[in-house]
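The values are calculated or read from the model by the stated rules, or taken from the named source; none is laboratory data. None of these values were measured; they are calculated from a predicted model. Cβ atoms come from the backbone with ideal geometry, glycine included; neighbour counts cover every protein chain shown. Side chains are part of the model used for accessible areas, which takes the heavy atoms of the whole protein and leaves out ligands, DNA and RNA. Shrake-Rupley method; radii C 1.70, N 1.55, O 1.52, S 1.80 Å.
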Amino acid sequence: MIIIEGLVVKNEDGLQEDLEYKRLTFVYTAALQQLEGKINTLSEEFKILHKYNPIEHISSRIKSKESITNKLIKKGLDFTYENLIKTINDIAGMRIICSFIPDIYRMVEMIENMPDVTVLKKKDYVTTPKSSGYSSYHLIVSLPISLSVGVIDVKVEIQIRTMAMDFWASLEHKINYKYEKQVPKNVQKELKECAKMTQKLDKKMSNLGNTLMQEEKELVKEITADYSTVYAGFMLTENA
Ligand code: 0O2
């Protein structure tokens, strides 16, 4: 056994459950809860005031200890909290599933405009899918979390994708797991073909959703320009 930074105890299996690990998961859970609150507020607003809700559903998770350990090993780094916090961006992860491709970009814009959310990194695998066929929009954001000891900035990875992209990614992940990441060439080829099919399906569905999205754009223009609506009332209060 090796003692790191006088706090963490490590053995061959990785980090052992201890007070510091509890603190670590606690702050990432807090960050996820705050972000979930913000996305749920948007989703509720869409349900009440808009033509349709671009958010199909959201989910979140804290990366398992085993996964965190493996990622550190892959990066050739020691088990220190400093390494862990600085280099692993997806300890807290959120997935937002949207209806149509344009909704993904709308979500990105809305998140970028959140005053207490800082976007640190963006990866657009929607416009340029990965060689595996994987498609999704990734954001690394940070949120200030107020604790008794002060305010800390905590990173969260957000993956935004359509239902078709999610369907593909989740099955591909299962297949990868089954073959322990040694997926035979023919299976890889078929997975790429399936990815192309999901891209085609997403494009077709987005075309079908165009009317809905156009109506939505008009509505947004109307409600933000009309001073008799609740939105304008709040804006006026802010500017007064
Ligand atoms: P898990 O178990 O889903 O968490 P970074 O250091 O963050 O810049 P990284 O980690 O390579 O670099 O980031 P990238 O490429 O943005 O991918 C991170 C996550 O995207 C992965 O996390 C997966 O969730 C997902 N992902 C990326 N490529 C693929 C793919 O080909 N297929 C599937 N199904 N998912 C993918 P983890 O930690 O690998 O896995």
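Worth pointing out:
- Residue in segment 159-173 that is over 15 Å from Lys130 (Cα atoms), open to solvent by 100 Å² or more (accessible area, probe 1.4 Å) and within 16 Å of the ligand (Cβ to nearest atom) present: yes
- Just one of the numbered conditions (1) in contact with a strand residue (DSSP E or B) (Cβ under 7 Å, 6 or more places away or on another chain); (2) open to solvent by 10 Å² or more (accessible area, probe 1.4 Å); (3) within 18 Å of Leu201 (Cβ to Cβ); (4) within 14 Å of the ligand (Cβ to nearest atom) is not true of Ser136: (2).
- Selected residue [of a type outside the set (Val, Ile, Thr) and over 17 Å from the mean Cα position of the chain (by Cα)] from Leu120, Leu84: Leu84
- In segment 19-55, residue modelled with the lowest pLDDT [restricted to those that are among the charged types (D, E, K, R), more than 17 Å from Glu109 (Cα to Cα) and outside any loop (DSSP other than H, G, I, E, B)]: Glu20
- When segment 139-158 is filtered for residues that are more than 13 Å from the ligand (Cβ to nearest atom) and surrounded by fewer than 20 Cβ atoms within 10 Å (Cβ to Cβ), the ones remaining, listed by number, are Ser142, Pro144, Ile145, Ser146, Leu147, Ser148, Val149, Gly150, Val151, Ile152, Asp153.
- The residue pairs whose first member lies in segment 74-96 and is among the small types (Gly, Ala, Ser), whose second member is in a loop (DSSP other than H, G, I, E, B) and open to solvent by less than 10 Å² (accessible area, probe 1.4 Å), and whose beta carbons are closer than 9 Å, counting only pairs six or more residues apart or on different chains, do not exist in this structure.
- Counting the residues of segment 46-86 that are among the aromatic types (Phe, Trp, Tyr) and exposed (fewer than 14 other Cβ atoms within 10 Å of the Cβ) gives 0.
- For segment 87-131, filtering for residues that are away from the ligand (no atom under 16 Å from the Cβ), of a type in the set (Asp, Glu) and open to solvent by 10 Å² or more (accessible area, probe 1.4 Å) leaves 3.
- Residues of segment 174-214 that are farther than 15 Å from Tyr134 by Cα, at pLDDT 90 or above and surrounded by 15 or more Cβ atoms within 10 Å (Cβ to Cβ): Met205, Ser206.
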